[in-house]
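The structure appears right after this line, and notes come after that.
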Amino acid sequence: MSPSSSSSLIHGISISVSDDEEASGRVRVRVRRKRHRHPASAARRRLLRRAARLCAPLLLATLAVSLLLYESYRLSPSSPTPPPAANLTRVDHTGAARAADGARKPCLKILGPEKLQNLELPEVPEQNLSVQKVVYKSSLLHLGDDDSSRTEISRFNSFTGYQTLNEREESFKMKELITLHCGFYNENGGFKVSDVDKNYMRSCSVVVATCAFGGGDDLHQPIGMTEVSIKKVCYVAFWDEVTRAAQEEEGNKIGENLMIGLWRIILVRDLPFSDQRLNGKIPKLISHRLFPMARYSIWVDSKSQFRRDPLGVLEALLWRSNSSLALSEHGARSSLYDEGKAIVKKHKATPEEVKIQLDQYRQDGIPDEKRFNGKKALAEASVIVRDHAPLTNLFMCLWFNEVVRFTSRDQLSFPYVLRRLRMPGVHLFPVCARKDLVNSFGHRRKAKPLARERR
């Protein structure tokens, strides 16, 4: 070994020597110990690596099979479900009834397509009810009744007439011939349509109606009907000029045939109320005044899309149960007094006007009960299915007058009219049936109020 080398190796001991250290006579020694590998440990490590290489594919395959089985179980239906009706492009299962095993049961049982194709309107039954005829008060027939000073209620006007409390009480008495206020009191009272539209409305025997005033909601095309129903049923949407302008900005223009899709658009001039909710109650509650020749009508709120065959709905909710009026039970509450508290809490009416209404109902003997004839005592009226028989027309006129006299929240006044009149044939169907009838989209925009109130 060369003497200039800076390190030497003696029997496994490494000695590092720097030139400076040699000069100073100091030597730094670093001992490195050799590792002695045990043959048994090396063999175990080789065995584990081999086992890992062999088992990894098997574990991955097992995991993949498990995931496939889980997905198959999750996606497979627990029970066979019937196919949707023709043209039913959106089905809402959220309100469906459930059997004990968790399977979905149909809530609204509509006839099948073949039976719907051959469904006809029933013969007009003989009227065995106590009310045979309803006469509507007007300024032409009742010249002395056109005095607005007779009432302190500001929302009565020349369209509604000026109903007194005595007239209100008298209108609830069942007689063969009943005369009462029911809108369209004065020919100058408003809610005017063209002669062409009047003639069209007179031609309708079955109507599906909606409305949007003040530029409110969009127009949702109905779905789920048969070709027979399309030919037999009038689909009518009432608009004002504000709504037409708002819809035209979005490309929804009324055609030369006055239609948009399946809807026949009726333009209304000179709306009688500044409150657009009250204007909407006219086609909603007293459609028999607008369609004098119709035998049946179905009301659908503008926030909803009607998605069932109209004749099938009439058969399921009216004819099958021998009913005259059908609407949904309320989904959240059962008492009109609880509903009054909720309306105030949600700022849908002032506490003062709700108090006036509920105080009058208490004075008239309406109890704070949550059931009536085995059903909820509170209804939700976004869908109303009805005939146009005299007694049903009376019920709807009474309901409309209550909405004008008190708050425009019609769910408060419906239980009152129901208990006072005790009309037979009122069908309150479950909430899940209402969800089978319509797709609800909610209100898109707030309606613009009118600048003035009619007198």
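Scanning region 138-165 for residues that are of a type outside the set (Gly, Ala, Ser), more than 20 Å from residue 394 (Cβ to Cβ) and at pLDDT below 95 yields 140, 143, 146, 147, 150, 151, 152, 153, 155. Please determine whether any residue of region 363-380 is under 22 Å from the mean Cα position of the chain (by Cα), closer than 20 Å to residue 211 by Cα, open to solvent by 10 Å² or more (accessible area, probe 1.4 Å) and not basic (Lys, Arg). Yes, region 363-380 contains a residue that is under 22 Å from the mean Cα position of the chain (by Cα), closer than 20 Å to residue 211 by Cα, open to solvent by 10 Å² or more (accessible area, probe 1.4 Å) and not basic (Lys, Arg). Restricted to region 316-350, and to residues there that are free of Cβ contacts under 8 Å to residues at least 60 places away in the same chain and closer than 21 Å to residue 435 by Cβ, the residue that is most open to solvent (accessible area, probe 1.4 Å) is 320. Each residue in region 170-189 was checked for being under 34 Å from the mean Cα position of the chain (by Cα) and more than 19 Å from residue 390 (Cβ to Cβ), and 2 pass. Does residue 423 meet the test of being touching a Ser or Thr at 6+ places or on another chain (Cβ under 9 Å) and farther than 30 Å from residue 225 by Cα? Yes: the conditions hold for residue 423.
Contact map, region 411-428: residues that are over 17 Å from residue 338 (Cβ atoms) and of a type outside the set (Val, Ile, Thr) paired with residues that are open to solvent by less than 10 Å² (accessible area, probe 1.4 Å) and in a helix (DSSP H, G or I), Cβ distance under 7 Å, separation 6+ or inter-chain. Pairs shown: 421/395; 421/398; 423/391; 423/395; 427/317. If the condition is being more than 15 Å from residue 192 (Cα to Cα) and either of a type in the set (Ser, Thr, Tyr) or touching an Asp or Glu at 6+ places or on another chain (Cβ under 7 Å) (or both), then region 221-279 contributes 224, 225, 226, 229, 235, 243, 274. Within region 166-188, how many residues turn out to be assigned to a helix (DSSP H, G or I) and modelled with pLDDT under 95? The total comes to 0.
The values are calculated or read from the model by the stated rules, or taken from the named source; none is laboratory data. Quantities reported herein were computed from a predicted structural model and do not represent experimental measurements. Virtual Cβ from ideal backbone geometry, glycine too; neighbours counted across all protein chains shown. With ligands, DNA and RNA removed, areas are computed over all heavy atoms of the protein, side chains included. Shrake-Rupley method; radii C 1.70, N 1.55, O 1.52, S 1.80 Å.
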